[in-house]
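*Asks:* Quick one: this structure, given as structure tokens, is what I'll be asking you about.
The values are calculated or read from the model by the stated rules, or taken from the named source; none is laboratory data. Just so you know, these numbers come straight off a predicted model, no measurement behind them. All Cβ positions, glycine included, derive from the backbone under ideal geometry; neighbour counts span all protein chains shown.
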Amino acid sequence: MKNTLGNVVKLTVFGESHGDAVGCVLDGIPAGLPVNEEYIQKQLDMRQSLPEISTSRREPDQVRILSGVRNGYTEGTPITFILENTNVRRKDYDALAGVLRPGHADYTAQLKYHGYQDASGGGHFSGRLTAPMTAAGALCRSLLEKYGVVIGSHIAQLYNVQDQGLPADPEAVRKLNEKMFAVLDEQAEKEMLELIRDAREQGDSLGGILETVILGLPGGLGEPLFGSVESVIAEAMFSIPGVKGIEFGSGFRFAEMYGSEANDAFIVRDDKIQTETNHNGGINGGITNGMPVVFRTVIKPTPSISRTQKTVDMKTMEETGIEIHGRHDPAIIHRARTVVDNLTAFVLVDLLTEVYGVTWPEVLKCA
């Protein structure tokens, strides 16, 4: 069983959706770095549910740091985050015991854990576990921001509505990061919100695509093969429940291009080697080239819906119908965006530490 992510800097997550608490341990952060607890809390607040378009379950998510931080600075020892679960309803799931929820991990959890798993709210498979991921990633992200690395995502598409493109401008990305519903085009935002409300009324749900940009990242990070930047980011993104696909740069659109279109020509700008276009998303041969790193993740529709679905009762081995009641999101993409951004920050700190060791903040400062 693997609950740890990372190579040099490591993140271990623990807890269940309706257990006493969820949390994580972040190990490998150098000593003497400032910890902005207000920033961490703000990122957790950005992950919160929104009235009308989200679940009615709302946890305060007041994070406590139990170890590894003293007088506002990292100690160089494991940093432990904990968030109490205060709004739990195990009884909502009692009636579903043994009845497989389509789109969930109920069946695969049974195959792996043989009935010993906590099934309430998905247990350890729940999106609730993204709260501690966000907290640990936010610590990493605040450090990156301090040294000029900016990360941001927008909802590029929700169902059949698309947003405008994400600019590679730090201030524009920072402004976007202040929005609870991260969409650039006002009309697209209105249409997306209306779609989510309609899906809720129908007892259904929607998915979409997040587009993420990383600005200010130095070239030279990553490995040619098994430690490529694409592979380590992808591993982290697929750790987020609901993520079912990822592409970098032009991604699957490469299938529609000639090589003469897809290749990014090299130019000199401001006495630096850059590329004229960025179809490869800031990565060549698995290694960052100094251009903006761009990737997109697809978030599937929330599997918990109140419409009747066909399933199986494991206790009787009979086919039956299921309607999932309780508190569920008609779309999770606006909440997943914060998780994507902050977990990306964790990956980058791991990559930077792997290349530069504990001196990586000084390297960024001088870049």
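*Asks:* As an exercise: evaluate GLY76 against (1) in contact with a strand residue (DSSP E or B) (Cβ under 9 Å, 6 or more places away or on another chain); (2) modelled with pLDDT of 95 or more and give the number of the one condition it does not meet.
*Replies:* Only one criterion is unmet by GLY76, namely (1).
*Asks:* Follow-up. For residues that are closer than 11 Å to ILE151 by Cα, surrounded by 16 or more Cβ atoms within 10 Å (Cβ to Cβ) and over 17 Å from the mean Cα position of the chain (by Cα), tally how many sit in the range 174-188.
*Replies:* First pass over the range 174-188, keeping only residues closer than 11 Å to ILE151 by Cα: 174, 176-177.
Filter once more, so that each one left must be surrounded by 16 or more Cβ atoms within 10 Å (Cβ to Cβ): 176-177.
Now drop any that are not over 17 Å from the mean Cα position of the chain (by Cα), which leaves none.
Number of matching residues: 0.
*Asks:* A further question on this structure: Of the conditions (1) in a loop (DSSP other than H, G, I, E, B); (2) surrounded by fewer than 16 Cβ atoms within 10 Å (Cβ to Cβ); (3) modelled with pLDDT of 95 or more, ARG327 satisfies every one except a single condition; which number is it?
*Replies:* Unmet for ARG327, out of (1) in a loop (DSSP other than H, G, I, E, B); (2) surrounded by fewer than 16 Cβ atoms within 10 Å (Cβ to Cβ); (3) modelled with pLDDT of 95 or more: (3).
*Asks:* Does LEU66 satisfy the condition of being in contact with a strand residue (DSSP E or B) (Cβ under 6 Å, 6 or more places away or on another chain) and at pLDDT 95 or above?
*Replies:* Working: in contact with a strand residue (DSSP E or B) (Cβ under 6 Å, 6 or more places away or on another chain): yes; at pLDDT 95 or above: yes.
The answer is yes for LEU66.
*Asks:* Follow-up question, since we're still on this one. Kindly indicate whether any position in the range 50-61 is free of Cβ contacts under 8 Å to residues at least 24 places away in the same chain and surrounded by fewer than 17 Cβ atoms within 10 Å (Cβ to Cβ).
*Replies:* We begin by selecting, within the range 50-61, every residue free of Cβ contacts under 8 Å to residues at least 24 places away in the same chain; these are 51.
Still in the list and also surrounded by fewer than 17 Cβ atoms within 10 Å (Cβ to Cβ): 51.
Within the range 50-61 (the criterion being free of Cβ contacts under 8 Å to residues at least 24 places away in the same chain and surrounded by fewer than 17 Cβ atoms within 10 Å (Cβ to Cβ)), the answer is yes, since at least one residue qualifies.
*Asks:* Looking at the range 126-174, which of the residues that are part of a loop (DSSP other than H, G, I, E, B), over 15 Å from HIS334 (Cβ atoms) and of a type in the set (Ser, Thr, Tyr) is modelled with the lowest pLDDT?
*Replies:* Our first condition is that a residue be part of a loop (DSSP other than H, G, I, E, B); within the range 126-174, this holds for 126, 147-149, 159-160, 163-169.
With over 15 Å from HIS334 (Cβ atoms) added as a condition, the list becomes 126, 147-149, 160, 164-169.
Subset that is of a type in the set (Ser, Thr, Tyr): 126, 147.
On the way: SER126: 86, TYR147: 93.
The extreme case among them is SER126.
*Asks:* Output the residues belonging to the range 11-49 that are on the phi > 0 side of the Ramachandran plot and part of a loop (DSSP other than H, G, I, E, B).
*Replies:* Matches in the range 11-49: GLY28, GLY32.
*Asks:* While we're looking at this one, here's another question. In this structure, does PRO102 turn out to be closer than 22 Å to SER239 by Cα and in a loop (DSSP other than H, G, I, E, B)? Explain how you work it out, then say what you get.
*Replies:* On the way: closer than 22 Å to SER239 by Cα: yes; in a loop (DSSP other than H, G, I, E, B): yes.
The answer is yes for PRO102.
*Asks:* Out of all the residues in the range 242-273, which are of a type in the set (A, V, I, L, M, F, W, C), exposed (fewer than 11 other Cβ atoms within 10 Å of the Cβ) and over 30 Å from the mean Cα position of the chain (by Cα)?
*Replies:* Of all residues in the range 242-273, those of a type in the set (A, V, I, L, M, F, W, C) come to 243, 246, 248, 252, 254-255, 257, 262, 265-268, 273.
From what's left, exposed (fewer than 11 other Cβ atoms within 10 Å of the Cβ): 252, 255, 265-266, 268.
Of everything in the range 242-273, those that are of a type in the set (A, V, I, L, M, F, W, C), exposed (fewer than 11 other Cβ atoms within 10 Å of the Cβ) and over 30 Å from the mean Cα position of the chain (by Cα) turn out to be ALA265, PHE266, VAL268.
*Asks:* Which one of these is in contact with a helix residue (DSSP H, G or I) (Cβ under 6 Å, 6 or more places away or on another chain) and either crowded, with 22+ Cβ neighbours inside 10 Å or among the acidic types (Asp, Glu) (or both): ILE214, ILE233? It would help to see each step written out before you state the result.
*Replies:* Numbers: ILE214 fails: in contact with a helix residue (DSSP H, G or I) (Cβ under 6 Å, 6 or more places away or on another chain).
Only one candidate qualifies: ILE233.
*Asks:* Let me ask something else about it. Can you tell me which residue in the range 298-318 is nearest to PRO241 (Cα to Cα), limited to those that are of a type outside the set (S, T, N, Q) and not in a loop (DSSP other than H, G, I, E, B)?
*Replies:* The residue in question is ILE299.
*Asks:* Just to be sure I understand, how many residues within the range 248-264 are part of a helix (DSSP H, G or I) and of a type outside the set (Phe, Trp, Tyr)?
*Replies:* Start the filter on the range 248-264 by keeping residues that are part of a helix (DSSP H, G or I), which leaves 251-256, 259-262.
The next check asks that each one be of a type outside the set (Phe, Trp, Tyr); those that pass are 251, 253, 255-256, 259-262.
Selection size over the range 248-264: 8.
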